[in-house]
Amino acid sequence: MPTDRPLVRVSRPLPGDFDVGPADVAFGPARGFASPDELRAFVRGASALVTWVSERVDAALLDAAGPGLKLVANFAVGFDNIDLAACRARGVRVSNTPDAVTEGTADCAWALLLAAARRLSHADRFARSGAWAAHGVLGPAELIGRPVAGQTLLIVGAGRIGYATALRSIGWGMKVLYTDRSPVPAFEHAPLNAERTDLDDGLRRADFVSLHVPLTPDTRHLIDARRLALMKPTAVLVNTARGPVVDEAALAEALSAGRIFAAGLDVFEKEPAVHPGLAGLDNVVMTPHFGSASATSRAAMARLCAANVRAVLAGGEPVTPVV
Ligand code: 8YV
């Protein structure tokens with residue numbers, strides 16, 4: 001039924017409150033649209049779109065929405081799924097959800113770090129599958145993992161999530177190294193007292209490496225075969241940033257050859273596919289790109305998306321603008 005109220009199209013159901021004021025709001029299916037064509041049909045005539053990281057926001061989608069489109073509110077802090085130039089060219093604003101995702105994603109990085117260090121998924125499979133019963137009581141030299149307390153943690157990318165991840169290391173008494181284009185005072189002062197270093201040096205020295213850079217042309221395959229070879233054979237790599245920041249084929253090769261100890265991965269190069277070389281390895285812990293999926297973070301993301309939509313529909317600036 002035609003309406004005078006602005007159309008807000010949200011590609012998937014959101015958790016928590018999504019109050020955009022007077023608008024005609026519709027949500028897409030929980031598993032997403034089966035094809036880009038269906039998504040394009042859904043957004044026709046929209047003033048604001050709320051998109052999910054797996055949806056490509058390109059010229060065709062913007063044009064399908066039409067000239068009334070004012071805002072693309074990405075339900076994520078990362079926005080590598082959005083063609084920003086195409087948005088700028090059409091005067092469409094773009095917003096993301098910084099801060100809202102921070103604690104959930106830092107928790108996810110730590111869950112993966114601890115799980116990879118202590119071989120948690122391998123141990124879980126062993127305990128529940130019947131293999132334990134068949135094997136008998138575990139001996140003192142079996143399923144030995146890496147210590148975490150007192151070790152060195154390298155944070156690659158000293159933004160909000162990198163900081164929150166580093167902060168959690170205080171309880172483990174870790175030495176923190178970080179990389180960033182320029183010094184980040186919050187990292188260098190108490191309580192972190194972190195040391196800035198370059199990536200190659202950090203990879204040589206770290207016991208744990210956690211990635212927190214956005215995906216850009218400069219960070220694609222930032223961790224490649226050469227850099228994996230710099231890491232200690234006892235080191236653990238954690239990626240909650242974006243899959244293509246790591247060369248997955250090179251990572252699978254390094255893990256299967258035992259050149260690094262383990263990896264904890266929330267993100268993959270070709271989601272939802274997992275590199276076949278990784279799937280069979282016991283020294284990888286993996287989760288399905290759900291870094292921010294804590295109740296608090298997801299509710300905060302929904303509120304922030306709604307605040308961005310409300311602000312732009314009222315003729316104002318996005319609260320957390322990207323463009
Ligand atoms: C994901 C994220 O949106 O904020 C981001 O950039 O990648 C996450 O919050 C979420 O985990 C599901 O893909």
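Any read-out appearing in this document is the output of simple, stated calculations on the displayed coordinates, not a laboratory observation. Computed from a predicted model, the values in this text were never measured in an experiment. Here Cβ is always computed from backbone atoms with ideal geometry, including for glycine, and neighbour counts include all displayed protein chains.
Data for the structure
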{"item": "Förster-model FRET efficiency, 35 Å R0, SER35 and LEU167, C-beta, rounded to 0.05", "result": "0.25"}
{"item": "Cβ-based charge dipole, the chain, positive-most Cα from PRO185, LEU113, ASN81", "result": "LEU113"}
{"item": "Sequence ranges 40-53, 212-225, ranked by mean other-Cβ count within 10 angstrom, highest first", "result": "40-53, 212-225"}
{"item": "Per-residue HN-Hα couplings for the stretch 193-198 [Karplus 6.51, -1.76, 1.60; θ = phi - 60°; Hz; x = Gly/Pro]", "result": "6, 7, 10, 7, 8, 8"}
{"item": "Simple spin-label estimate for PHE27 and ALA141 in nanometres, 7 Å along Cα-Cβ", "result": "5.5 nm"}
{"item": "Centroid-to-centroid separation of the stretch 132-208 and the stretch 230-277 [C-alpha atoms, Å]", "result": "16 Å"}
{"item": "FRET efficiency, ALA257 to ASP4 (Cβ-Cβ, R0 51 Å, nearest 0.05)", "result": "0.20"}
{"item": "Whether the stretch 136-198 is rounded, prolate or oblate, judged on the alpha carbon gyration tensor where a/c under 1.5 counts as rounded", "result": "prolate"}
{"item": "Highest-first arrangement of 144-151, 261-268, where packing means the average Cβ count within 10 Å", "result": "261-268, 144-151"}
{"item": "Within the stretch 102-286: Cβ-based charge dipole about Cα centre, in debye rounded to nearest 20 (Lys, Arg +1; Asp, Glu -1)", "result": "280 debye"}
{"item": "Efficiency of FRET from Cβ geometry, GLU195 and ALA149, R₀ 22 Å, rounded to 0.05", "result": "0.70"}
{"item": "Mean Cβ neighbour count within 10 Å, used as a protection proxy, ranking 7-14, 108-115 highest first", "result": "108-115, 7-14"}
{"item": "Label point distance in nm, ALA59-ASP19, each placed 7 Å from Cα along Cα→Cβ", "result": "4.1 nm"}
{"item": "Amide H contacts under 5 Å for VAL25, placed H, 5+ residues apart", "result": "VAL8"}
{"item": "Hz values of 3J(HN,Hα) by residue in the stretch 99-104 - Karplus curve (6.51, -1.76, 1.60), Gly and Pro given as x", "result": "6, 4, 8, 4, 5, x"}
{"item": "Value of relative contact order over the stretch 102-286, rounded to a whole percent, pairs C-alpha under 8 Å and six or more apart", "result": "22 percent"}
{"item": "Check: the chain dipole with +1 on Lys, Arg Cβ and -1 on Asp, Glu Cβ, in debye", "result": "180 debye"}
{"item": "Simple spin-label estimate for GLU271 and ARG220 in nanometres, 7 Å along Cα-Cβ", "result": "1.8 nm"}
